[in-house]
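Report on the structure given below.
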Amino acid sequence: MIILGGMIALMVMPVRAQKWEKLADTPQMGWSTWNKFQGNISEEIIKGIADAMVESGLRDVGYTYINIDDCWHGQRDGNGFIQSDPVRFPNGIKAVADYVHSKGLKLGIYSDAGTATCAGMSGSLGHEYQDAIQYARWGVDYLKYDWCNTTNINPIGAYHLISDALRAAGRPILLSMCEWGNSRPWKWAREVGHSWRTTPDIWCDFDSLRIFPGYTQFGVMQCIQFNDTLRQYAGKGHWNDPDMLEVGNGMTENEDRAHFTMWCMMASPLILGNDLRSMSEATRRIIMNKEMIAVDQDTLGVQGLHYKDRDGLQFWFKPLAGGDWAFTILNPTRQDITCEMNWQDFNLTDEQVSKQSTAFDTTVYKVYNLWTHKTEGKTSVKNKTDRRIIVRARDVASYRLIR
(Lines give C-alpha, C1' and ligand atoms only; values in the text may rest on other atoms or scores of the structure.)
Protein backbone atom coordinates (compact mmCIF):
# COMPACT_ATOMS: atom_id res chain seq x y z
CA MET A 1 0.00 0.00 0.00
CA ILE A 2 1.38 3.41 -0.98
CA ILE A 3 0.72 6.11 1.59
CA LEU A 4 0.52 9.57 0.05
CA GLY A 5 -1.33 11.87 2.40
CA GLY A 6 0.80 13.77 4.87
CA MET A 7 -1.46 13.15 7.85
CA ILE A 8 -1.58 9.40 7.20
CA ALA A 9 2.16 9.29 6.68
CA LEU A 10 2.66 11.01 10.01
CA MET A 11 1.09 8.01 11.76
CA VAL A 12 3.71 5.61 10.41
CA MET A 13 6.77 7.85 10.16
CA PRO A 14 8.47 9.64 13.08
CA VAL A 15 8.69 13.39 12.72
CA ARG A 16 12.40 14.19 12.42
CA ALA A 17 13.51 17.34 10.68
CA GLN A 18 16.01 16.57 7.94
CA LYS A 19 16.15 19.69 5.83
CA TRP A 20 18.38 19.72 2.81
CA GLU A 21 21.74 21.15 3.81
CA LYS A 22 24.05 23.54 1.92
CA LEU A 23 21.16 25.33 0.19
CA ALA A 24 21.46 28.56 2.20
CA ASP A 25 24.99 28.85 3.55
CA THR A 26 24.46 32.53 2.77
CA PRO A 27 21.01 34.19 2.75
CA GLN A 28 18.97 33.28 -0.30
CA MET A 29 18.60 35.85 -3.09
CA GLY A 30 15.89 36.08 -5.72
CA TRP A 31 12.53 37.57 -6.63
CA SER A 32 8.89 36.90 -5.69
CA THR A 33 5.59 37.72 -7.35
CA TRP A 34 3.71 38.87 -4.26
CA ASN A 35 4.76 42.44 -3.43
CA LYS A 36 4.11 43.72 -6.95
CA PHE A 37 1.55 41.38 -8.48
CA GLN A 38 -0.23 39.67 -5.54
CA GLY A 39 -2.60 37.20 -7.22
CA ASN A 40 -2.40 38.67 -10.70
CA ILE A 41 0.23 36.25 -11.93
CA SER A 42 0.73 34.13 -15.02
CA GLU A 43 3.19 31.96 -16.88
CA GLU A 44 3.93 34.91 -19.15
CA ILE A 45 4.88 37.16 -16.21
CA ILE A 46 7.17 34.55 -14.67
CA LYS A 47 9.01 33.96 -17.93
CA GLY A 48 9.29 37.71 -18.54
CA ILE A 49 10.78 38.24 -15.09
CA ALA A 50 13.26 35.40 -15.68
CA ASP A 51 14.32 37.07 -18.92
CA ALA A 52 14.72 40.42 -17.14
CA MET A 53 16.71 38.81 -14.33
CA VAL A 54 19.28 37.67 -16.88
CA GLU A 55 19.26 40.71 -19.18
CA SER A 56 19.60 43.19 -16.31
CA GLY A 57 22.59 41.38 -14.82
CA LEU A 58 20.74 40.54 -11.60
CA ARG A 59 21.46 36.85 -12.02
CA ASP A 60 25.16 37.59 -12.29
CA VAL A 61 25.28 39.49 -8.98
CA GLY A 62 23.65 36.62 -7.12
CA TYR A 63 19.87 36.69 -7.53
CA THR A 64 18.95 33.07 -8.17
CA TYR A 65 15.32 32.26 -7.36
CA ILE A 66 12.17 33.18 -9.27
CA ASN A 67 9.42 32.52 -6.71
CA ILE A 68 5.75 32.07 -7.58
CA ASP A 69 3.77 33.12 -4.50
CA ASP A 70 0.05 32.55 -3.79
CA CYS A 71 -2.61 32.02 -6.50
CA TRP A 72 -0.85 29.65 -8.89
CA HIS A 73 -3.05 26.78 -7.69
CA GLY A 74 -5.69 24.88 -9.62
CA GLN A 75 -7.61 21.87 -8.34
CA ARG A 76 -6.34 18.59 -6.97
CA ASP A 77 -6.68 15.64 -9.32
CA GLY A 78 -8.53 12.45 -8.49
CA ASN A 79 -5.57 11.12 -6.56
CA GLY A 80 -5.15 14.30 -4.53
CA PHE A 81 -2.16 15.79 -6.37
CA ILE A 82 -2.25 19.56 -6.72
CA GLN A 83 -2.40 21.01 -10.24
CA SER A 84 -1.68 24.54 -11.47
CA ASP A 85 -4.34 26.95 -12.66
CA PRO A 86 -4.89 25.96 -16.33
CA VAL A 87 -5.63 29.54 -17.38
CA ARG A 88 -2.78 31.29 -15.61
CA PHE A 89 -0.31 28.48 -16.32
CA PRO A 90 -1.54 26.72 -19.46
CA ASN A 91 1.67 24.72 -19.92
CA GLY A 92 1.97 23.79 -16.24
CA ILE A 93 4.57 24.48 -13.59
CA LYS A 94 7.01 21.94 -15.01
CA ALA A 95 7.26 23.93 -18.23
CA VAL A 96 7.82 27.12 -16.28
CA ALA A 97 10.52 25.43 -14.19
CA ASP A 98 12.23 24.17 -17.34
CA TYR A 99 12.23 27.70 -18.78
CA VAL A 100 13.59 29.24 -15.58
CA HIS A 101 16.29 26.57 -15.34
CA SER A 102 17.28 27.21 -18.95
CA LYS A 103 18.15 30.76 -17.89
CA GLY A 104 20.49 29.55 -15.16
CA LEU A 105 17.93 30.35 -12.45
CA LYS A 106 15.86 28.35 -9.96
CA LEU A 107 12.10 28.18 -9.44
CA GLY A 108 10.27 28.70 -6.17
CA ILE A 109 6.66 27.95 -5.31
CA TYR A 110 4.24 28.64 -2.46
CA SER A 111 1.94 26.65 -0.22
CA ASP A 112 0.39 26.82 3.23
CA ALA A 113 0.31 24.55 6.27
CA GLY A 114 -3.44 25.00 6.66
CA THR A 115 -6.63 24.01 4.92
CA ALA A 116 -6.29 26.92 2.49
CA THR A 117 -3.68 29.48 1.52
CA CYS A 118 -3.99 33.13 2.52
CA ALA A 119 -5.76 33.80 -0.78
CA GLY A 120 -8.11 30.85 -0.34
CA MET A 121 -6.40 28.33 -2.61
CA SER A 122 -5.79 24.71 -1.70
CA GLY A 123 -3.52 24.35 1.35
CA SER A 124 -1.20 21.43 1.99
CA LEU A 125 -2.84 20.13 5.17
CA GLY A 126 -3.25 16.37 4.73
CA HIS A 127 -1.33 16.42 1.44
CA GLU A 128 2.18 17.29 2.62
CA TYR A 129 3.97 14.30 1.12
CA GLN A 130 1.93 14.44 -2.07
CA ASP A 131 2.70 18.11 -2.54
CA ALA A 132 6.41 17.59 -1.90
CA ILE A 133 6.43 14.80 -4.48
CA GLN A 134 4.64 17.03 -6.98
CA TYR A 135 7.09 19.90 -6.46
CA ALA A 136 10.01 17.52 -6.96
CA ARG A 137 8.43 16.18 -10.16
CA TRP A 138 8.01 19.72 -11.46
CA GLY A 139 11.62 20.66 -10.71
CA VAL A 140 10.88 23.18 -7.95
CA ASP A 141 13.88 24.45 -5.97
CA TYR A 142 12.29 26.58 -3.21
CA LEU A 143 9.14 26.42 -1.10
CA LYS A 144 7.64 29.31 0.82
CA TYR A 145 5.31 27.72 3.37
CA ASP A 146 2.71 30.05 4.86
CA TRP A 147 0.51 29.91 7.96
CA CYS A 148 -3.06 30.96 7.11
CA ASN A 149 -6.13 28.88 8.04
CA THR A 150 -4.25 26.83 10.61
CA THR A 151 -6.70 26.69 13.52
CA ASN A 152 -5.69 24.00 16.03
CA ILE A 153 -2.53 23.10 14.07
CA ASN A 154 0.77 22.92 15.92
CA PRO A 155 3.42 24.91 14.00
CA ILE A 156 6.36 22.85 15.24
CA GLY A 157 4.74 19.65 14.04
CA ALA A 158 3.52 21.20 10.78
CA TYR A 159 6.90 22.57 9.75
CA HIS A 160 8.73 19.40 10.80
CA LEU A 161 6.29 17.48 8.64
CA ILE A 162 6.77 19.51 5.48
CA SER A 163 10.54 19.55 6.02
CA ASP A 164 10.59 15.76 6.20
CA ALA A 165 8.26 15.52 3.20
CA LEU A 166 10.59 17.65 1.09
CA ARG A 167 13.53 15.50 2.12
CA ALA A 168 11.64 12.30 1.37
CA ALA A 169 10.68 13.58 -2.10
CA GLY A 170 14.33 13.38 -3.07
CA ARG A 171 14.93 16.81 -4.63
CA PRO A 172 16.88 19.51 -2.74
CA ILE A 173 14.32 22.24 -2.02
CA LEU A 174 14.97 25.28 0.18
CA LEU A 175 12.29 25.73 2.85
CA SER A 176 11.31 29.33 3.64
CA MET A 177 9.07 29.25 6.71
CA CYS A 178 6.43 31.98 6.95
CA GLU A 179 4.47 31.85 10.19
CA TRP A 180 5.32 35.50 11.03
CA GLY A 181 7.34 34.67 14.14
CA ASN A 182 4.29 33.74 16.20
CA SER A 183 5.79 30.55 17.63
CA ARG A 184 9.36 31.89 17.89
CA PRO A 185 10.74 29.59 15.19
CA TRP A 186 14.25 30.94 15.75
CA LYS A 187 14.26 28.86 18.93
CA TRP A 188 13.32 25.53 17.37
CA ALA A 189 13.55 25.58 13.57
CA ARG A 190 17.29 25.61 12.90
CA GLU A 191 17.22 22.01 11.64
CA VAL A 192 13.78 22.39 10.04
CA GLY A 193 13.94 25.32 7.61
CA HIS A 194 16.51 27.50 5.91
CA SER A 195 14.87 30.78 6.95
CA TRP A 196 11.94 31.84 9.07
CA ARG A 197 9.87 34.98 9.07
CA THR A 198 10.39 37.06 12.18
CA THR A 199 7.73 39.68 11.44
CA PRO A 200 4.24 40.19 10.07
CA ASP A 201 4.02 41.04 6.36
CA ILE A 202 5.86 44.11 5.12
CA TRP A 203 4.16 46.84 3.10
CA CYS A 204 5.62 49.58 0.94
CA ASP A 205 6.16 52.25 3.58
CA PHE A 206 9.23 53.27 5.55
CA ASP A 207 7.87 53.79 9.04
CA SER A 208 4.21 53.05 9.70
CA LEU A 209 1.76 50.26 10.35
CA ARG A 210 -1.14 49.33 8.09
CA ILE A 211 -3.88 47.82 10.22
CA PHE A 212 -6.60 45.49 8.93
CA PRO A 213 -9.19 43.42 10.80
CA GLY A 214 -7.23 40.52 12.24
CA TYR A 215 -3.74 41.45 11.06
CA THR A 216 -1.24 44.28 10.73
CA GLN A 217 1.41 45.02 8.13
CA PHE A 218 4.78 46.51 9.06
CA GLY A 219 6.80 49.29 7.48
CA VAL A 220 10.54 48.93 6.99
CA MET A 221 11.47 50.35 10.39
CA GLN A 222 9.01 48.11 12.24
CA CYS A 223 10.54 45.05 10.52
CA ILE A 224 14.03 46.18 11.54
CA GLN A 225 12.96 46.74 15.13
CA PHE A 226 11.48 43.24 15.46
CA ASN A 227 14.34 41.51 13.69
CA ASP A 228 17.36 43.15 15.24
CA THR A 229 17.13 41.45 18.64
CA LEU A 230 17.37 37.93 17.17
CA ARG A 231 20.87 37.94 15.73
CA GLN A 232 22.14 35.11 17.92
CA TYR A 233 19.77 32.70 16.16
CA ALA A 234 20.93 33.41 12.59
CA GLY A 235 23.82 31.72 10.80
CA LYS A 236 24.85 29.56 7.89
CA GLY A 237 21.80 27.68 6.65
CA HIS A 238 19.29 29.29 9.04
CA TRP A 239 18.41 32.97 8.65
CA ASN A 240 16.08 35.46 10.26
CA ASP A 241 13.73 36.80 7.58
CA PRO A 242 12.13 40.24 8.07
CA ASP A 243 10.17 39.71 4.82
CA MET A 244 10.68 40.51 1.16
CA LEU A 245 12.07 43.73 -0.29
CA GLU A 246 9.89 46.65 -1.36
CA VAL A 247 12.69 48.46 -3.22
CA GLY A 248 11.32 49.95 -6.44
CA ASN A 249 7.68 49.80 -5.40
CA GLY A 250 7.04 53.42 -4.44
CA MET A 251 9.24 54.62 -1.60
CA THR A 252 11.81 57.39 -2.14
CA GLU A 253 15.32 56.57 -3.34
CA ASN A 254 16.71 57.38 0.12
CA GLU A 255 14.20 55.05 1.78
CA ASP A 256 14.88 52.29 -0.74
CA ARG A 257 18.63 52.60 -0.18
CA ALA A 258 18.18 52.44 3.60
CA HIS A 259 15.81 49.47 3.27
CA PHE A 260 18.23 47.50 1.10
CA THR A 261 21.26 48.39 3.21
CA MET A 262 19.65 47.30 6.47
CA TRP A 263 18.53 43.96 5.01
CA CYS A 264 22.16 43.40 4.00
CA MET A 265 23.40 44.45 7.44
CA MET A 266 20.97 42.01 9.06
CA ALA A 267 22.09 39.12 6.80
CA SER A 268 18.50 38.81 5.58
CA PRO A 269 17.26 36.93 2.55
CA LEU A 270 17.20 39.34 -0.40
CA ILE A 271 13.97 38.57 -2.22
CA LEU A 272 13.08 41.37 -4.64
CA GLY A 273 9.45 42.35 -5.12
CA ASN A 274 9.45 44.96 -7.89
CA ASP A 275 8.73 44.59 -11.61
CA LEU A 276 12.18 43.84 -12.99
CA ARG A 277 10.97 44.51 -16.54
CA SER A 278 10.43 48.22 -15.95
CA MET A 279 12.59 49.33 -13.02
CA SER A 280 14.20 52.75 -12.80
CA GLU A 281 17.93 53.35 -12.96
CA ALA A 282 17.88 54.33 -9.27
CA THR A 283 16.29 51.00 -8.35
CA ARG A 284 18.77 49.16 -10.53
CA ARG A 285 21.73 50.85 -8.81
CA ILE A 286 20.43 49.91 -5.37
CA ILE A 287 19.61 46.25 -5.91
CA MET A 288 22.72 45.65 -8.03
CA ASN A 289 25.23 47.18 -5.61
CA LYS A 290 27.68 44.27 -5.56
CA GLU A 291 29.67 45.64 -2.64
CA MET A 292 26.55 45.96 -0.49
CA ILE A 293 25.38 42.51 -1.56
CA ALA A 294 28.79 41.16 -0.47
CA VAL A 295 27.98 42.36 3.06
CA ASP A 296 24.77 40.33 3.04
CA GLN A 297 26.46 37.30 1.49
CA ASP A 298 29.58 37.40 3.66
CA THR A 299 30.81 33.92 4.44
CA LEU A 300 31.22 34.57 8.16
CA GLY A 301 27.43 34.41 8.29
CA VAL A 302 26.78 36.86 11.13
CA GLN A 303 23.76 39.14 11.44
CA GLY A 304 24.64 42.76 12.14
CA LEU A 305 24.68 44.32 15.60
CA HIS A 306 22.59 47.37 16.48
CA TYR A 307 25.26 48.81 18.75
CA LYS A 308 23.90 52.15 19.93
CA ASP A 309 21.58 55.08 19.22
CA ARG A 310 22.75 58.67 19.43
CA ASP A 311 21.31 62.02 18.36
CA GLY A 312 18.52 60.35 16.40
CA LEU A 313 20.86 57.98 14.57
CA GLN A 314 21.33 54.22 14.81
CA PHE A 315 24.86 52.76 14.62
CA TRP A 316 25.21 49.23 13.26
CA PHE A 317 28.25 46.95 12.92
CA LYS A 318 28.52 43.64 11.08
CA PRO A 319 31.66 41.49 11.44
CA LEU A 320 32.91 40.11 8.15
CA ALA A 321 35.20 37.28 7.11
CA GLY A 322 38.87 38.20 7.20
CA GLY A 323 38.55 40.77 9.96
CA ASP A 324 36.74 43.54 8.08
CA TRP A 325 33.60 45.20 9.41
CA ALA A 326 30.53 46.67 7.75
CA PHE A 327 29.49 49.88 9.50
CA THR A 328 26.19 51.65 8.84
CA ILE A 329 24.66 54.78 10.29
CA LEU A 330 20.89 54.72 9.84
CA ASN A 331 18.89 57.93 10.01
CA PRO A 332 15.23 56.97 10.50
CA THR A 333 14.13 60.59 11.01
CA ARG A 334 12.69 63.09 8.54
CA GLN A 335 15.64 65.49 8.75
CA ASP A 336 19.31 65.36 7.78
CA ILE A 337 21.64 64.82 10.75
CA THR A 338 25.36 65.58 10.96
CA CYS A 339 27.34 62.99 12.86
CA GLU A 340 30.76 63.72 14.39
CA MET A 341 32.81 60.53 14.27
CA ASN A 342 35.22 59.56 17.00
CA TRP A 343 36.13 55.95 16.31
CA GLN A 344 37.02 55.39 19.97
CA ASP A 345 33.31 55.65 20.76
CA PHE A 346 32.88 52.35 18.91
CA ASN A 347 35.43 50.03 20.45
CA LEU A 348 33.34 46.91 20.84
CA THR A 349 33.54 43.15 21.02
CA ASP A 350 30.74 41.07 19.56
CA GLU A 351 30.46 38.85 22.63
CA GLN A 352 27.09 37.45 21.59
CA VAL A 353 27.99 35.86 18.25
CA SER A 354 31.33 36.29 16.46
CA LYS A 355 33.61 37.24 19.39
CA GLN A 356 35.37 39.69 17.03
CA SER A 357 36.47 43.14 18.20
CA THR A 358 36.66 46.40 16.28
CA ALA A 359 39.76 47.37 18.30
CA PHE A 360 39.77 50.92 16.97
CA ASP A 361 42.28 51.83 19.68
CA THR A 362 44.94 49.59 18.12
CA THR A 363 43.80 48.84 14.56
CA VAL A 364 43.61 51.24 11.63
CA TYR A 365 41.05 50.46 8.93
CA LYS A 366 40.60 51.89 5.46
CA VAL A 367 37.13 53.48 5.29
CA TYR A 368 35.39 52.54 2.03
CA ASN A 369 31.97 54.04 1.23
CA LEU A 370 29.68 51.29 -0.03
CA TRP A 371 27.37 53.70 -1.87
CA THR A 372 29.78 56.21 -3.40
CA HIS A 373 32.35 53.43 -4.00
CA LYS A 374 35.16 55.66 -2.79
CA THR A 375 37.77 55.38 -0.06
CA GLU A 376 37.29 58.11 2.52
CA GLY A 377 40.48 57.94 4.56
CA LYS A 378 41.26 55.75 7.53
CA THR A 379 40.10 55.27 11.08
CA SER A 380 42.15 56.89 13.84
CA VAL A 381 43.57 55.28 16.96
CA LYS A 382 43.41 58.66 18.70
CA ASN A 383 40.52 59.83 20.84
CA LYS A 384 39.38 62.67 18.60
CA THR A 385 36.66 63.67 16.16
CA ASP A 386 38.25 63.10 12.77
CA ARG A 387 35.29 63.37 10.38
CA ARG A 388 31.78 64.69 10.06
CA ILE A 389 29.23 62.67 8.19
CA ILE A 390 25.92 64.06 6.96
CA VAL A 391 23.31 61.30 7.02
CA ARG A 392 20.33 62.27 4.94
CA ALA A 393 16.76 61.87 6.17
CA ARG A 394 15.54 58.28 6.01
CA ASP A 395 18.83 57.22 4.53
CA VAL A 396 22.12 55.60 5.49
CA ALA A 397 25.83 56.16 5.41
CA SER A 398 27.40 52.76 4.96
CA TYR A 399 31.03 51.66 4.89
CA ARG A 400 33.30 48.68 4.71
CA LEU A 401 36.12 49.02 7.22
CA ILE A 402 39.03 47.21 5.62
CA ARG A 403 42.02 45.95 7.58
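Quick look at the numbers
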{"quantity": "20 Å binning of all Cα-Cα separations within the chain, expressed as whole percents from 0 upward", "calculated": "28, 55, 16, 1"}
{"quantity": "Span from the region 274-344 Cα centroid across to the region 37-56 one, whole angstrom", "calculated": "29"}
{"quantity": "Fraction of accessible area attributable to carbon and sulfur, region 46-103 (%, probe 1.4 Å)", "calculated": "44"}
{"quantity": "Kyte-Doolittle at least 1.0, axis length at least 30 Å by Cα - qualifying DSSP helices, the chain", "calculated": "none"}
{"quantity": "Ordering of 177-189, 123-135 by burial proxy (mean other Cβ atoms within 10 Å per residue, highest first)", "calculated": "123-135, 177-189"}
{"quantity": "Accessible area per residue in Å² at 1.4 Å probe, computed on the chain", "calculated": "40"}
{"quantity": "By average C-beta atoms within 10 angstrom, highest first, the peptides 376-382, 57-63", "calculated": "57-63, 376-382"}
{"quantity": "Carbon/sulfur fraction of accessible area - region 118-208, other protein chains in place, 1.4 Å, %", "calculated": "45"}
{"quantity": "About the Cα centre, charge dipole magnitude for region 189-297 (Lys/Arg +1, Asp/Glu -1 at Cβ), debye", "calculated": "300"}
{"quantity": "Sequence-separation-based contact order of the chain, relative, with Cα cut under 8 Å and 6+ spacing, percent", "calculated": "14"}
{"quantity": "Descending Cα extents along the principal axes, region 28-146, whole Å", "calculated": "41, 27, 25"}
{"quantity": "Within region 83-114: backbone nitrogen closer than 20 Å to the Arg137 label point (7 Å, Cα to C-beta)", "calculated": "83-101, 107-112"}
{"quantity": "Aspartates and glutamates with Cα under 15 Å of Lys19, excluding same-chain neighbours fewer than 8 positions away", "calculated": "Glu128, Asp141, Asp164, Glu191"}
{"quantity": "Fraction of the pair-distance distribution of region 266-375 above 24 Å, Cα-Cα pairs, percent", "calculated": "33"}
{"quantity": "Long-range tail of P(r) for region 208-350 (Cα pairs > 18 Å, %)", "calculated": "59"}
{"quantity": "Carbon plus sulfur fraction of accessible area for region 362-403, probe 1.4 Å, in percent", "calculated": "47"}
{"quantity": "Convex hull volume per residue in cubic angstrom - Cα atoms of region 179-219", "calculated": "74"}
{"quantity": "Taking region 89-200 and dividing mean pair separation by its residue count, relative contact order in percent (alpha carbons under 8 Å, at least six apart)", "calculated": "24"}
{"quantity": "Filter on Lys103/Lys144; Lys236/Lys290; Lys308/Lys384; Lys36/Lys374; Lys103/Lys236 - keep pairs with C-alpha separation over 30 Å", "calculated": "Lys36/Lys374"}
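The values are calculated or read from the model by the stated rules, or taken from the named source; none is laboratory data. Values in this document were obtained by computation on a predicted structure and should not be read as measured data. Positions of Cβ are generated from backbone atoms using ideal geometry, with glycine treated the same way; all protein chains shown enter the neighbour counts. When the accessible area is computed, the model is the full protein with side chains, heavy atoms only, and any ligands, DNA or RNA have been set aside. Shrake-Rupley method; radii C 1.70, N 1.55, O 1.52, S 1.80 Å.
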